[in-house]
Amino acid sequence: MYQALQNTFQSLMLVICLGILAGQASAELFVPSTAVVVLAADTSLQAAAKQVNTKYGGEVVKAETVSKEGRQVHQIRLLIDGRVKNVDIDASSGKEL
């Protein structure tokens, strides 16, 4: 089952990367823990996912950017030893909320 999930993740990443290259990036992305991160002035969704994954370990199973209380927040969901952990990152500062 883990191999099937991993294959699904890889397929989703390929589709997402192709969409980004075509200029059709989505607000909701699935980011594997092996993603390459490019840092910008604001914290990108990919950078936030990598930051959270480095701090807590486990596997990033979902990452999306939402608006909370008038600011952009990256919501990262990790799977750690069979348990789900949700972490919010301020998109402009990169700080954990």
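Scan region 41-60 and give yes if some residue there is modelled with pLDDT of 90 or more, on the phi < 0 side of the Ramachandran plot and part of a strand (DSSP E or B), otherwise no. Yes, region 41-60 has at least one match.
Each residue in region 56-95 was checked for being without any contact (Cβ under 8 Å) to a residue 12 or more places away in the chain and among the charged types (D, E, K, R), and 3 of them qualify. When the residues of region 63-97 are narrowed to those that are exposed (fewer than 12 other Cβ atoms within 10 Å of the Cβ) and acidic (D, E), which ends up farthest from the chain's Cα centre (by Cα)? Looking at the filtered set, the residue picked out is E69.
The values are calculated or read from the model by the stated rules, or taken from the named source; none is laboratory data. Computed from a prediction, not measured in an experiment: that's the story for all the values here. For neighbour counting, all protein chains shown are included, and Cβ atoms are generated from backbone atoms with ideal geometry for every residue, glycine included.
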